[in-house]
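Down below is the structure, laid out as structure tokens.
Each reported figure results from applying straightforward, stated rules to the coordinates on display, with no laboratory input. The shown structure was predicted, so the numbers you read here are calculated from the model rather than taken from an experiment. Note that each Cβ is placed from the backbone with ideal geometry, even for glycine, and that neighbours are counted across all protein chains shown.
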Amino acid sequence: MSEERTTALQYLKTVRGQVDGIIKMIQDDRYCIDVANQVLAAQSLLRKAELAILQGHLRHCVKEACMANNPDEKIEELNRILEKLLAK
């Protein structure tokens, strides 16, 4: 497994724990702002996981496609994901 995927996996496991904690906070009727802050923290880690995955894609998949002189498909994939990211 690549370094980027290992990093993303660590972030996602942390997010899983945070989401479980957020669910418990809601069940325990905790203060809304505290819950919202935890949701923001989970979203931040999801963004970091996403970035790690995309960095790995650039370093491995896109690099290999360029070396094989066939980058068009990978570039189009990146364009589509960037459009989605920028639409957020």
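As a summary of the residue check, C32 satisfies the conditions (1) in contact (Cβ under 8 Å) with a residue 12 or more places away in the chain; (2) loosely packed, with under 14 Cβ neighbours inside 10 Å except for the one numbered (1). Inclusion of K63 among residues that are more than 16 Å from the chain's Cα centre (by Cα) and buried (at least 16 other Cβ atoms within 10 Å of the Cβ) is not warranted.
Conditions (1) in contact (Cβ under 8 Å) with a residue 24 or more places away in the chain; (2) out of contact with any Phe, Trp or Tyr (no Cβ under 9 Å at 6 or more places or on another chain); (3) of a type in the set (F, W, Y), marked per residue:
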position	(1), (2), (3)
G21	no, yes, no
Q43	no, yes, no
L46	yes, no, no
A52	yes, no, no
G56	yes, yes, no
V62	no, yes, no
M67	no, yes, no
P71	no, yes, no
K74	no, yes, no
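Consider T6 carefully, then state whether it is part of a helix (DSSP H, G or I), free of Cβ contacts under 8 Å to residues at least 12 places away in the same chain, among the β-branched types (V, I, T) and surrounded by 11 or more Cβ atoms within 10 Å (Cβ to Cβ). Taking the combined requirement at face value, the residue satisfies it.
Given the structure, is V39 free of Cβ contacts under 8 Å to residues at least 40 places away in the same chain, part of a helix (DSSP H, G or I) and closer than 16 Å to R5 by Cβ? It is false that V39 is free of Cβ contacts under 8 Å to residues at least 40 places away in the same chain, part of a helix (DSSP H, G or I) and closer than 16 Å to R5 by Cβ. The set of residues in the range 50-88 being among the small types (G, A, S) and either out of contact with any Lys or Arg (no Cβ under 8 Å at 6 or more places or on another chain) or not in a helix (DSSP H, G or I) (or both) consists of A68, A87. If the condition is being β-branched (V, I, T) and under 11 Å from the mean Cα position of the chain (by Cα), then the range 1-58 contributes T7, V15, I53.
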